[in-house]
Structures are given as structure tokens and as C-alpha cells.
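Just so you know, all these numbers are worked out from the coordinates, no wet-lab data involved. What you are looking at is a predicted structure, and each value in this text was computed from that prediction instead of being measured. FYI the Cβ positions are ideal-geometry reconstructions off the backbone, even for glycines, and counts take in every protein chain you see.
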């Protein structure tokens, strides 16, 4: 509802500026019609600093401009109360703020009726997240990416609360990269576990690797408690072992000689080349491993409510020759050129992005030593080159190219498709037509991401570049306490550190499934102790809701540019800024309606016939503050979308839970004897619970029935 009033105010002020001051519509675009919140409610519910923005343009003092605008707005309200429905008056404050006082009674009735501004529009939004190398189990660092991306697509996607935008969620699968190659090398050259159905020699063949995967699946089904029978766990250990093998760690000698190290490096390069070339036994092994691990990744993420629409694979980008089409386009448009001198001689290069993420064109006979190599002198394409081709496809700008689509996984509500070089399934959609792209990739990829944007601008695709968002974030680590709880032995120096970094290559870190299992177990202990009367299956479901809520909220409460040090006790706490704190507030509100033998919906419907005059006086201010904050949900969602920062919504949910808890402790709702006052208190609890449930739902967190 607050967002509705904000939009109405902005529209009316724009009309006044045009009529009174002759500011054209083009000039209006430069005027910031931002809406702020006064420091205390006594000053009003909204504040607009527009007069400060206009002072230089109009050569008037901000307070004089604010006075003129306030007079126009108040005259409009007096002549036509519906013109700014919900606004009682406009006042001038300070050096030139416009303070807006709302009609509390009208606003409460509107909020109770669930009137709020619409969110959404046209234009296909493509959100890419997770993108874990399919060579080992997902770990805690991957979860921040996946949870950020999943939450953002929830903010965008249509649902029962908002119109939303058309959205596609992609998970890019690098199934031909060096990480997958390392696992293939490990299977072929390192001693393996004892398999009853396959020999170590057979693990050099695709048929043998398939038998190994099948045997692991049987083991996992027979003994589900032992996760090390899962293919992604098996590969986790193998990946760490092969990293040591390259370096000579674990060999009988203290150090392998350089010749042997070089031979092992060549094995790695040859394997990688075989994967990129495709159509050979090595590529077939990689396909089996990467697909099996990918299925496990999807199972892990589904435990957190994370789903995908499409899985584009690098193998198809290569086999369908996306890069060839991109190279032709880049050469035609002058973005790509062959370097004839200097260290990059013989390479196809692109000048690096400048301050505005555009390509600087220099008239110089000297080679640009800082140019970005796109194709090496040996003809191999760099990561950035393939990424440029991929993003041209995303925007529908890659002439004559598209993936084939085939079914890969069925979710309860939709199909997840995967790329193929074969003909598409007749029922398949297409995803390469985005109007806006959000890439959830960690901040270490800033330079490659900037180069993709620079390439788009250099080719003249300015609109695409303007709608390309690198949704960057910082790493996730563990507190020393968390690392010790997971069984790691820490030195005194490690114990003194603020956090312990995760390293999948070293095998050091917490796997996502293990983390979630431990969180569920901790929550289960609490639920079992508090609610022994509930059935075991239901207690486990509630514990899972609490654990998932704790994990997701912990990953979302921090802004994206903050390094996170995960800690079990902090995440699961019922006090402070946590998921369980908000869930507990929701449960507390639900208990009010259970004890009163009524419903949230009935309480809100009753508002239409209530005498709400008590809201206007000082006594009603504390109640009004709860309604006012509940009315800000749409504004919080809009802010999170506009800034690509889900932490804004997480913070809002926590603030509303705090506000509700303060209200709960201040008023004795169920023992209130005045019928009208009791009905208003019930409705206040109902509106707070409704918006808390919605906010958590958009964060991917469920509200449990008990805590």
C-alpha cells in the first residue's frame, strides 16, 4: 500500500513540475523523486527531498520550492480526496523536505483489503545461478550463489502476490572443463575403491565407469546413511587425491622429479583436449561422470527448494559451434582483431573494458599489451570468448544458433530441460531471448564479466549491455567454531582467525548435504524436546523447515559484498537476526488465532466495520506503526529488485518480526475485554503474520506450524 501512495505522489509531483515550472518530460527524468522515511513517525510517514534536487535548476531555495509544492498538493487533496488516496496532508520540514502524513484509517482499511502496488511487467528475465562444476559434491560456498539466485528469481517471478515478470532460471554446466578432466584422470591413473563389478582397468572405459556409477547407486540405496556411496561424494575425495597426484604429494619419494610432474601435466592437458574435442572414449567418460554428479546437485538443491528451468552445457556450446558464429560477428563489427606483434602475436584479441565498460579504440601502431586474448595463437578459445558467445545467445543475438532441448528432470510443477546437440523435444521451450540477464557469479569474476559487457557494447548491442547485471557476491567461509564442530582439527593459529576458508581442491570444506543434515539434526533435537506429542514424521518436516530457513536466511541477511563466516549456533538461534526468529514470530501470531478459535482472514475482514478512530491519537501510534511497516512489503520487494540485493527484503522481514514481537508483548490480545479494541488487536496480529509469511516465502523459507 505504501508503494501505491509513493507512485501516486511521484506522478502528481511530476505533473506539478511540468505545469508550474515548465520542466519538460526529458528533464523530469533527471529529477530524483525518491521517497524516504522520516526518522520519527511524529514527522509523518513519508518524506520527499525533491526540492533539494530542483534548487539549482530553478535557482530557488529548497524550502521555497517545497512550500510551493506542498500548497499545490494540499489544494489537490482538498478539492479531490481520491486524487491522492491515503494522503491526509503535506507539510514542509527542515530546509525543504516534503513530509507526507497519511490518513491512518483509510490506510489501515486498504491494507486489510490487501491493496498494494503491482510489481512486474513484460520482458523475459533470465537468471543464471549455481553453475557448480559437475566433478564433486556441492559445498557451502556454492550455497550462497544458489540461494541468492533462487531468491532473486522468486522476487521476479509471477505468484499469488504480484504480476511479476516472465522468468527463466538457468544453471550453466561446464562439463568439458579442467575440473571434470581431473576426475577422469583420477579414475584412470589412481588406485580406486574396491568395486565388486568393475576393475581398475575398466575404469579407463566408459562402460566400466557406468558400471561403477551403477554400483555406487546400489550401495547408496542399500545404506543411505553412508553418503560416501554417492557419486558426488566419491568424486569429492578423488578430486582432492588427483590434485595431490599432480603435485607429487603422497608419492613414495618426498618429491617427484620435474620430468614426472611434466608428464602428469601433459596427461591433464591431453584429457582436457579430448573433452573439448568430443566424440571419443574420454569424452564419453566425462559425460557419464558429469551427468551423474549433476543429478546429485539437483537433488541437493531441491532440498533447499531450489529448482531450474534449463541446464545449458558447455559441450553443446562447443559442438554446436556457438563460438564460430560469435567470432564472425565480432570480426565483422571490429571488436576482435589479430595481433601482429608483441606478446600476443598471432592471437585474436579484444581491447579491455574502459571505465564505462566499453572498448577503447586507440590509434596506435604499437601493440596493445593489455588487450584481452580471446583466441590463443594455437587456436584454442579462452573462457571469455566462449562466454561472449554464450551471452550473445542469451540475448538472441547469435545468428542462426540455438541449443537443442531435451527433458532432464521433472519437478512437481515443471520440467527442467538440458541442452543437446540433437533435435529438440517437440514440447520444448527456448530460452535464448532474454530482455534482461542476471548472472550470479562471485566477485572474482569481475574482469571476465566486464569484458563480456564491453564486447556487447563494442558490437553495438548497447541495450543488451545495459540490461546485463553481474550479480556478484563475496565468498562463504566457516567460523573456527563451526569448523571444529564439523570435525576439523585446527591449529592455535587457525582458532584465532575470524574464518576458515573452504577449498574443494584440497577437500577442505563442508559439503552442502552434510551441512543441511547437521542443521536438521540440531533443529530436530529441539522440536523433539518441545513437541513429543507430534508424530515423528511431522517433527522431521518441521525440523527441516527450521533448518532450511536458518540456512537460507543466514546466506541472505548479509549484503552481497560481505564475506560470510557461517556458524551453526548463530544461524539456528531463536534470538537476533535469524530465520528461526522470524519463523517463531509467525508461530506466535498463529497461536493467537488458534486460541481465539478464529482465522487471520476473519480478523482482517472485520476491519471494514470497525471504528478505527483510536488510531489517530497518540495511543494508536504503536498499533499504526505495525500496520505501516506491514504496508511496506511491496516497497521492500521493489528495492530488492532495483538494487539486485535480496538482503533488503531479509532485513524487512526481520524488522517486521521485531515490530510484531514488541506489539505482542505490549498488548494482552486474548484477554482484552473491549470488543472493538480486541478486534483491532486481532487484525494487527493478522496483518503482521500475513506479510511475514509472504516475505519469508519470497526468501524461499516456509513458516512451520510450531517451533
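Odds and ends about this structure:
- Footprinting exposure proxy ranking of 568, 152, fewest other C-beta atoms within 10 angstrom first, gives 568, 152.
- The Cα center of the range 278-313 and the Cα center of the range 426-462 differ in position by 22 Å.
- 491, 622 arranged by Cβ crowding within 10 Å, fewest neighbours leading: 491, 622
- Answer label for P(r) over Cα pairs in 20 Å bins from 0, in percent (calculated), chosen among [x] 17, 45, 31, 7, 0; [y] 15, 39, 26, 12, 6, 1, 0; [z] 15, 42, 32, 11, 1: [z]
- Fewest-first ranking of 419, 613, 243, using other Cβ atoms within 10 Å as the exposure measure: 613, 243, 419
- Where only DSSP H runs of four or more residues are counted, the chain gives -16000 deg cm²/dmol as its mean residue ellipticity at 222 nm, each run worth -39500 (n - 2.57).
- Averaging the Cα positions of each part gives two centres, and for the range 5-21 and the range 189-210 these lie 72 Å apart.
- Fraction of beta bridges assigned by DSSP in the chain that are antiparallel (%, nearest 5): 55
- Degrees between helix 675-698 axis and first principal axis of the chain (Cα, 0 to 90, nearest 10): 20
- The angle between the Cα long axis of helix 536-557 and the longest principal axis of the Cα atoms of the chain comes to about 90 degrees, rounded to the nearest 10.
- Within the range 169-206, backbone nitrogen closer than 18 Å to the virtual label 7 Å beyond the Cα of residue 263 toward Cβ: 185-191
- The mean sequence separation of alpha-carbon pairs under 8 Å and at least six residues apart, normalised by the residue count of the chain, gives a relative contact order of 13 percent.
- Our summary gives the range 175-307 a relative contact order of 34 percent, counting only alpha carbon pairs under 8 angstrom and 6 or more residues apart.
- Length added when fully stretched, residue 369-residue 591, from 0.36 nm per residue minus Cα-Cα: 73.1 nm
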